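The values are calculated or read from the model by the stated rules, or taken from the named source; none is laboratory data. In this text, all values refer to a predicted model and were calculated from it rather than measured experimentally. A quick note on method: Cβ atoms are made from the backbone with ideal geometry, for glycine too, and the neighbour counts reach across all protein chains shown. What goes into the accessible areas is simple: the full protein's heavy atoms, side chains included, and nothing from ligands, DNA or RNA. Shrake-Rupley method; radii C 1.70, N 1.55, O 1.52, S 1.80 Å.
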Amino acid sequence: MSSTPSRVFIARLLGLDVFDPAGDRVGRLRDVVVIPRGQRPPQAVGIVVEVPGKRRVFVPMTRVTSMDQSQIITTGLINLRRFEQRGAEQLVLGDIFDRRVTLVEDGSEVTVEDLAMDQQRTGDWLVSKLFVRHEPERRGFRSLRRGPAQLVDWEETRHATGQVRGAAHFLATHDDLKPADFADAMQEMSDARRLEVVSELQDERLADVLQELPEDDQVEILSSLDLERAADVLEEMDPDDAADLLADLPAEKAEELLQLMEPEEAKDVRRLLQYDEGTAGSVMTPVPVILPPEATVAEALAHVRREELSPALASAIFICRPPLETPTGRYLGTVHIQQLLRAAPPEQLGTIVDKALDPMRDLDSISEVARTMAQYNLNAIAVVNADGRLVGAVTVDDLLDHLLPDDWRVHEDGEPVKKFGGRFG
């Protein structure tokens, strides 16, 4: 999304067409999904889109690239499973419009008629203002047609108590924790408390947290979910992390989950599962940043600025002949982030590509990958198959996860290794 702050009123969005990047209509917006955060403004986490066939599906805000009062544009990646409200989620149209709230200033009760969302510089959308209406004014036994309306800040209103309790309260007060710190907190919880928190987490957030937990905890949590939700969470995980988790499950259950995943998401995971443990192919990510040699430095910089990219993945652009999805056409070389910063924006990547650094083979051992990355001080390295086609990249964080002992996240006394303070049981 754009980093420029913007504001939209949700009532004006309802019924708008939703498009993919090519301009093709995906469906029509029917609602906005928000998560309460205690006394702080709620965060919008997704939209409900009605696609052909009258099916309503959930589109995360991370897949909405543009939103204003005239149209909504998404990345085009739509999960067509029917939307189901989960955990602490609230629907703006279904749960908040027409709700009675109290104005802090004078204690008067008003009715919510609309909400305004502001996009933060981080890309998040927060409910900032409420458009509310007072009770009709009365003259004797008669009342005017409508009471006066006003626009107020979320913090200027008081909402019914009891809406945020237990696990939902924990999420509302700790939603800004990094996934690794959130995972630390979950390791300190009782089993019952942990599962309660899991039931309230958004799929995308749960996927991020799962990737930071020990393997046994990952398996336990994923096994506690119903199959459809487990498949949704796996789709939100990085393919290499999803493959590692599925490899720890019984083969029959892993296959059942793969069948429930979207075909494109499952394809990458299946490919990783074919590699023997301990090979470069088993630890690589199949979705690094890949561009053709004709792309410019400016285009490359735009790609590595994407918020969802880890710093390690953003450190290198892999240059290949089409097709640009793995396995690609012939691998040509790598352009490192420092080269992008030193080159002129219009310069083509083919003129600055590093061809001297040999890629790893997908069947090379992890120890060979580690030696090469250490020797050349790399954050990421290309992985090719026997035909010289790029099949993925190994990043330094992938490498550390597999070189460290399985129990690196806990001390010898069983306590989690953490910088996070406080206990949550």
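For the set Val287, Val59, solvent exposure ranked by accessible area (probe 1.4 Å, protein chains only) runs largest to smallest as Val287, Val59. Taking the helices alone, the chain has a mean residue ellipticity at 222 nm of -8000 deg cm²/dmol, built from -39,500 (n - 2.57) per DSSP H run of at least 4 residues and averaged over all its residues. When the GluC sites (Glu not before Pro) in region 179-241 are filtered for DSSP coil states and for at most 16 other beta-carbon atoms within 10 Å of their beta-carbon, the remaining sites are Glu188.
The dipole here belongs to the chain: it is taken about the Cα centre, uses +1 on the Cβ of Lys and Arg and -1 on the Cβ of Asp and Glu, and is about 2360 debye. Asp176 contributes about 120 Å² of solvent-accessible surface, heavy atoms of the protein only, 1.4 Å probe. Sorting Arg321, Arg121, Arg133, Arg229 on solvent-accessible area from highest to lowest, probe radius 1.4 Å, gives Arg121, Arg321, Arg133, Arg229. Sparsely packed loop sites in region 316-405 (the trypsin sites (Lys or Arg not before Pro) outside DSSP H, G, I, E and B with at most 12 other Cβ atoms within 10 Å) comprise Lys355. Between the alpha-carbon centres of region 302-332 and region 41-62 there is a gap of 29 Å.
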